[in-house]
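Data block below; observations after.
The values are calculated or read from the model by the stated rules, or taken from the named source; none is laboratory data. Predicted, not measured: the structure shown is a model, and the values here were computed from it. Methodologically, a virtual Cβ is constructed for each residue, glycine included, from the backbone with ideal geometry; neighbour enumeration extends over all protein chains shown.
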Amino acid sequence: MELSKNVSAVVTGGASGLGEATARALAAQGVKVAIFDMNTAKGEAVAREIGGVYCNVNVTSEESVVAGFAAARAANGQERILVNCAGTGNAYRTAGRKKDGTITHFPVDQFDRIIQINLVGTFRCIAHSASGMLTLDPSSTGERGVIINTASVAAEDGQIGQAAYSASKGGVVGMTLPIARDLAREGVRVNTILPGLFKTPLMTAGGPDFVGKLEAQVPFPARLGNPAEYAGLALEMIRNCYFNGEDVRLDGAIRMAPQ
């Protein structure tokens, strides 16, 4: 798909991290960008800087997502591009013992929370965006739209405490091909990126020593990924119309240890 001022995009989680980098990269190509996020201050600031529009959207809410797409389309027209970056994580062992011997287990409501945000929220945005894309005429390449999802290497290398996170991201990977097949006849492509350790606010919050330990785990290059590198792969997946139904790791060859 050609990136130009005639194309609009929605980026979920676009106020920071991988989503922000992607929103900026798309805008730099002239694309009209709508940012879906819950951080109003940051979302409005990024949207203002890139000439886009900010929509306060909670991906776990059907009403919020519907309203977000309506607002984005009113401002920019029907999107041909959706990039799903909204997500979060937590860490609890499935079951374990405290120092006093008390036995605990993963709080089921917290497991469900991650599934609702990372997996169901991603699918909710896909379903609403794809149905809108089907109203468009095909481009010169026969495309109506492109959807890029964000999973994680934890989908394949889940660590201790990551049962919910890994399950949610594994679900994103697992649904990529069937959704691509669902939408193939309509000219909508679907791909997923599995990032490794990236320089996002979540990763750098632990300070320089923590970041240094993370970087030492990456075979090459021995550093955290730059969000612009994620954005670069997302743009290639959008531009290259033979890229479809794929799940691609972007991780410096890391394979996560148990802990």
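Given the residues Ala86, Ala15, which is the only one that is crowded, with 23+ Cβ neighbours inside 10 Å, assigned to a loop (DSSP other than H, G, I, E, B) and either in contact with a Lys or Arg (Cβ under 6 Å, 6 or more places away or on another chain) or at pLDDT below 95 (or both)?
Ala15
Answer yes if at least one residue in segment 91-110 is in a strand (DSSP E or B), in contact with a strand residue (DSSP E or B) (Cβ under 7 Å, 6 or more places away or on another chain) and within 30 Å of Ser139 (Cβ to Cβ), and no otherwise. Quick ask: steps written out before the conclusion?
The first filter runs over segment 91-110 and keeps only residues in a strand (DSSP E or B), leaving 95-97, 103-105.
Next, only the ones that are in contact with a strand residue (DSSP E or B) (Cβ under 7 Å, 6 or more places away or on another chain) stay: 95-97, 103-105.
Narrowing the set further to residues that are within 30 Å of Ser139 (Cβ to Cβ) leaves none.
No; the residues of segment 91-110 include none that is in a strand (DSSP E or B), in contact with a strand residue (DSSP E or B) (Cβ under 7 Å, 6 or more places away or on another chain) and within 30 Å of Ser139 (Cβ to Cβ).
Would a scan of segment 57-74 turn up a residue that is of a type in the set (S, T, N, Q), under 27 Å from Ala154 (Cα atoms) and either modelled with pLDDT under 95 or touching a Gly at 6+ places or on another chain (Cβ under 6 Å) (or both)?
yes
Within segment 153-193, which residues are over 21 Å from Val10 (Cβ atoms), surrounded by 20 or more Cβ atoms within 10 Å (Cβ to Cβ) and within 15 Å of the chain's Cα centre (by Cα)?
Val153, Ala154, Ala155, Tyr165, Ser166, listed by residue number.
Can you confirm whether segment 135-149 contains a residue that is in a helix (DSSP H, G or I) and either within 22 Å of Leu235 (Cα to Cα) or among the basic types (Lys, Arg) (or both)? Break it down stepwise before answering.
Taking segment 135-149 as the starting set, the residues that turn out to be in a helix (DSSP H, G or I) are none.
No; the residues of segment 135-149 include none that is in a helix (DSSP H, G or I) and either within 22 Å of Leu235 (Cα to Cα) or among the basic types (Lys, Arg) (or both).
Return a yes/no flag: does segment 106-127 have any residue that is within 25 Å of Asp251 (Cβ to Cβ), polar (S, T, N, Q) and modelled with pLDDT of 95 or more.
Yes, the conditions are met somewhere in segment 106-127.
How many residues are farther than 30 Å from Pro258 by Cβ and either crowded, with 23+ Cβ neighbours inside 10 Å or under 16 Å from the mean Cα position of the chain (by Cα) (or both) if we restrict to segment 134-152?
3
Name the residues in segment 27-42 that are crowded, with 20+ Cβ neighbours inside 10 Å and in a loop (DSSP other than H, G, I, E, B), would you?
Val31
Any idea which of Ala45, Ala9, Ala67, Ala71 is assigned to a helix (DSSP H, G or I), surrounded by 16 or more Cβ atoms within 10 Å (Cβ to Cβ) and hydrophobic (A, V, I, L, M, F, W, C)?
Sole residue among the options that is assigned to a helix (DSSP H, G or I), surrounded by 16 or more Cβ atoms within 10 Å (Cβ to Cβ) and hydrophobic (A, V, I, L, M, F, W, C): Ala71.
Which of the residues belonging to segment 49-87 are among the hydroxyl-bearing types (Ser, Thr, Tyr) and in contact (Cβ under 8 Å) with a residue 60 or more places away in the chain?
Result: Thr60, single match.
Mind telling me which of the residues Lys213, Lys199 ends up being of a type in the set (D, E, K, R) and under 22 Å from Asn39 (Cβ atoms)? Working first, answer last.
Details: Lys213 fails: under 22 Å from Asn39 (Cβ atoms).
Going through Lys213, Lys199 in turn, just one is of a type in the set (D, E, K, R) and under 22 Å from Asn39 (Cβ atoms): Lys199.
Of all residues in segment 152-195, count the ones that are more than 17 Å from Gly121 (Cβ to Cβ) and of a type in the set (S, T, N, Q).
Qualifying residue count for the region: 3.
Among the numbered criteria (1) modelled with pLDDT under 95; (2) at negative phi; (3) not polar (S, T, N, Q), which one does Gly207 miss?
(2)
Please identify the pairs in which a residue from segment 88-105 that is of a type in the set (Ser, Thr, Tyr) has its Cβ atom under 9 Å from the Cβ atom of a residue that is exposed (fewer than 10 other Cβ atoms within 10 Å of the Cβ) and assigned to a loop (DSSP other than H, G, I, E, B), counting only partners at least 6 apart or on another chain.
Between residues of segment 88-105 that are of a type in the set (Ser, Thr, Tyr) and residues that are exposed (fewer than 10 other Cβ atoms within 10 Å of the Cβ) and assigned to a loop (DSSP other than H, G, I, E, B), the close pairs are Thr104/Lys98.
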